[in-house]
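So the structure is just underneath, and the comments pick up after that.
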Amino acid sequence: MAQQNCLVTNDWICGEYLRTRSQELIDATLQHVGITLASVAIGLAVSLPLALLARRWRFLAGPILGVTTVLYTVPSLAMFSLLLPFFGLSVSLVVTGLVLYSLTVLVRNILAGLQAVPDEARDAAKGMGYGPLRLLWEVELPLALPALLAGVRITTVSTVALTTVGAIVDYGGLGSLILDGLDTTFKAQVLTASVLCVLLAIVADVLLLGLQRLLTPWTRVHRIRTSRAARKAAVAKVAEPA
């Protein structure tokens with residue numbers, strides 16, 4: 001009886017809400033995940049060519065990084081309002097805005113990763129007859145993966161959060177439930193949708209961290225060797241006579 005009454009008494013924690021609104025929660029979560037995945041994927045597809053341009057022609061690096069930074073500073077409500085004449089009240093409006101926000105982190109991280117590739121690796125590949133395209137896909141991008149995937153992790157978590165703003169055009173996933181709950185003072189809906197949004201961000205970050213470690217095993221070996229060398233140096237310093 002108490003569980004049935006929690007909807008009537010408008011409790012923050014309500015099992016009856018989970019039971020009766022489970023499908024609504026699932027649909028909102030799936031929409032949230034879909035918008036996030038689409039935004040990050042498109043952002044990555046746009047950022048890679050921009051980073052390559054910035055690396056190939058250095059004079060373009062400043063303008064590209066500057067424009068992406070300016071886009072990131074635009075408030076989300078203003079961004080969606082500026083895009084409204086082009087996309088109308090649609091999911092494309094939300095995805096486009098999120099893609100523009102993702103560019104500053106992704107472009108910077110991809111560019112940093114490419115610039116960190118050792119010249120020795122490039123020279124060795126060229127000596128083996130690698131052309132520019134093969135050099136990029138088989139040497140440079142794999143070595144740039146740690147920085148690239150770090151950028152994808154940051155972008156994904158921030159996109160999960162920013163997707164909720166799409167609720168203003170009714171395409172905000174869990175954000176739509178949060179906004180509706182705030183409008184109607186529906187405590188259980190606000191809390192449940194908010195918790196799910198946080199969990200979604202945590203799960204996405206953990207999965208991407210696992211993927212990063214799986215695809216870049218050499219970074220763990222490097223950290224272990226660096227740690228061992230640091231410990232040996234510390235022990236040797238302590239053992240030095242005064």
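The values are calculated or read from the model by the stated rules, or taken from the named source; none is laboratory data. This structure is a prediction, so every number in the text was calculated from the model and none was measured. As a convention, Cβ positions derive from the backbone with ideal geometry for all residues, glycine included, and neighbour counts pool all protein chains shown. Heads up: the accessible areas ignore ligands, DNA and RNA and are worked out on the full protein's heavy atoms, side chains in. Shrake-Rupley method; radii C 1.70, N 1.55, O 1.52, S 1.80 Å.
Couple of notes before you dig in:
- Residues of region 96-133 that turn out to be farther than 24 Å from A45 by Cβ, of a type in the set (D, E, K, R) and open to solvent by 40 Å² or more (accessible area, probe 1.4 Å), as a count: 4
- Test: residue in region 196-203 that is hydrophobic (A, V, I, L, M, F, W, C), on the phi < 0 side of the Ramachandran plot and surrounded by 20 or more Cβ atoms within 10 Å (Cβ to Cβ): yes
- Among the conditions (1) touching a helix residue (DSSP H, G or I) at 6+ places or on another chain (Cβ under 9 Å); (2) at pLDDT 85 or above; (3) part of a helix (DSSP H, G or I), V206 misses just one, which is (1).
- Residue list for region 12-51, filter: open to solvent by less than 60 Å² (accessible area, probe 1.4 Å) and of a type in the set (D, E): E16
- Of the helices (runs of 4 or more DSSP H) lying entirely inside region 91-143, the ones with 3 or more residues being closer than 29 Å to G66 by Cβ, touching a residue at least 12 places away in the same chain (Cβ under 8 Å) and of a type outside the set (A, V, I, L, M, F, W, C) are found at 91-115.
- Inside region 159-193, residues that are open to solvent by 40 Å² or more (accessible area, probe 1.4 Å), closer than 16 Å to T36 by Cβ and in a helix (DSSP H, G or I) make up a count of 2.
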